[in-house]
Amino acid sequence: MTDRPVLQPTATHPITIEPTGKHVTVRVNGELIADTQDAVTLQESTYPPVQYIPQGDVVAERLVPSDTETYCPYKGEASYYHVVTEAGDTVDDAIWTYREPYPAVARIAGHVAFYPDKADVTIA
C-alpha cells in the first residue's frame, strides 16, 4: 500500500491527450531512435506539450533500463531508459514511461517520452 497522493486533472490543472496526427521522429546524437505516425500529445496544465510514442516504434536494442524512478501524482510511477547509440554513446535517463499510468491518463500506457534536452523530437 502506498501513501502517495493520486490526483485527478481539474480545470486548474488540466491534462489532455490527443493524437498528434503527424509524423514524429526522435534522434539521439543524430541517430534515429523512434519513428511513428501514432504519437499522442499530452498537454498538462501550463507545461510544454509532450509527445508520447508507442514503445513498438522505438528502436528497442538502443534502450537500456535505468534504475531511476519518479512519481507524478497525476500520472503515477515513471521508469526510465538510457539510450545507447550505435557509436557507443550513452545518454542517461533520456526516456521515461508510465507502465501502469493512472486511469485519467491511461492512454499513455505502452508509450514513452523523450527529454527535449537529450533528444531531438521532430513533428512534420
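If you check I17 against the conditions, is it touching a Lys or Arg at 6+ places or on another chain (Cβ under 6 Å) and of a type in the set (A, V, I, L, M, F, W, C)?
Working: touching a Lys or Arg at 6+ places or on another chain (Cβ under 6 Å): yes; of a type in the set (A, V, I, L, M, F, W, C): yes.
Here the answer is yes, as I17 does meet what is asked.
Yes or no, residue by residue, for (1) among the acidic types (D, E); (2) modelled with pLDDT of 95 or more; (3) farther than 21 Å from E100 by Cβ:
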site: T2; (1), (2), (3): no, no, no
site: P14; (1), (2), (3): no, yes, yes
site: G21; (1), (2), (3): no, yes, yes
site: A39; (1), (2), (3): no, yes, no
site: Q43; (1), (2), (3): no, yes, yes
site: G56; (1), (2), (3): no, yes, no
site: R62; (1), (2), (3): no, yes, yes
site: S66; (1), (2), (3): no, yes, no
Where the second residue is β-branched (V, I, T) and in a helix (DSSP H, G or I) and the first is in contact (Cβ under 8 Å) with a residue 12 or more places away in the chain and lies in segment 48-60, which pairs have Cβ atoms under 8 Å and are six or more apart or on separate chains? Y52/I108
Could you list, in sequence order, the residues of segment 1-29 that are on the phi > 0 side of the Ramachandran plot and in contact (Cβ under 8 Å) with a residue 12 or more places away in the chain? N29
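Please note which strands (runs of 3 or more DSSP E) are completely contained in segment 1-118 and include at least 1 residues that are open to solvent by 80 Å² or more (accessible area, probe 1.4 Å) and not aromatic (F, W, Y).
Details: elements: 15-19, 24-28, 31-36, 40-44, 50-54, 63-72, 76-84, 90-97, 111-114.
Once the strands (runs of 3 or more DSSP E) in segment 1-118 are filtered for at least 1 residues that are open to solvent by 80 Å² or more (accessible area, probe 1.4 Å) and not aromatic (F, W, Y), what remains is 15-19, 24-28, 63-72, 76-84, 90-97.
The values are calculated or read from the model by the stated rules, or taken from the named source; none is laboratory data. These numbers were taken from a predicted model, which means no experiment stands behind them. For neighbour counting, all protein chains shown are included, and Cβ atoms are generated from backbone atoms with ideal geometry for every residue, glycine included. Calculation scope for accessible area: heavy atoms of the full protein, side chains included, ligands and nucleic acids excluded. Shrake-Rupley method; radii C 1.70, N 1.55, O 1.52, S 1.80 Å.
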